[in-house]
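This report concerns only the one structure given below.
The values are calculated or read from the model by the stated rules, or taken from the named source; none is laboratory data. All values reported here derive from a predicted model rather than from experimental measurement. Here Cβ is always computed from backbone atoms with ideal geometry, including for glycine, and neighbour counts include all displayed protein chains.
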Amino acid sequence: MIPRPVLGLFRSNAAVIGTPVKGEVTSSSIAVTGQVAWYKGNATWGVAYKAHGASSYTHSSSTSQSISKTINSLSAETKYDIALYVKYQGVYQYGPVLEVTTEAAAPAETPTT
């Protein structure tokens, strides 16, 4: 009997996914760069992120395997798990996870009289 591949991936379908690199972090955004390598067609890639402890990722695709994305609309002072991904035939492959915490929101200005 021939064993079935894990997650339906064969050795030739395995992506090479680098570790994401953190760029500028604000109270509502995180800049991320990184590299993925995929040699077959019909795949997508990009950045996946979720609040630390959440059950599922949000995916933001990239047009290049040299990924440079800014994740926006995040909550202030929140830890996020960020990974690069490749999606092929409906199956996501994720690289190493980077944990990043957004900055605190700027305090509201107090009106002067």
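Quick notes
- The conditions of being modelled with pLDDT of 95 or more and either touching a strand residue (DSSP E or B) at 6+ places or on another chain (Cβ under 9 Å) or farther than 15 Å from Glu24 by Cα (or both) are met by Pro96.
- Test result for Ile82, touching a Gly at 6+ places or on another chain (Cβ under 7 Å) and touching a residue at least 12 places away in the same chain (Cβ under 8 Å): no
- Glu77 modelled with pLDDT of 95 or more, of a type in the set (D, E, K, R) and under 11 Å from the mean Cα position of the chain (by Cα): no
- Note on segment 39-90: residues that are small (Gly, Ala, Ser), over 21 Å from Val25 (Cβ atoms) and either touching a His at 6+ places or on another chain (Cβ under 9 Å) or not in a strand (DSSP E or B) (or both) total 5.
- Looking only at segment 13-54, and only at residues there that are of a type in the set (Gly, Ala, Ser) and modelled with pLDDT under 95, the one that is farthest from Glu77 (Cα to Cα): Gly41
- Considering residues of segment 91-113 that are of a type in the set (A, V, I, L, M, F, W, C) and in a loop (DSSP other than H, G, I, E, B) only, the residue surrounded by the most Cβ atoms within 10 Å (Cβ to Cβ): Val97
- Leading residue by the ranking (farthest from Gly95 (Cα to Cα)) among those in segment 27-68 that are among the aromatic types (Phe, Trp, Tyr) and touching a residue at least 40 places away in the same chain (Cβ under 8 Å): Trp38
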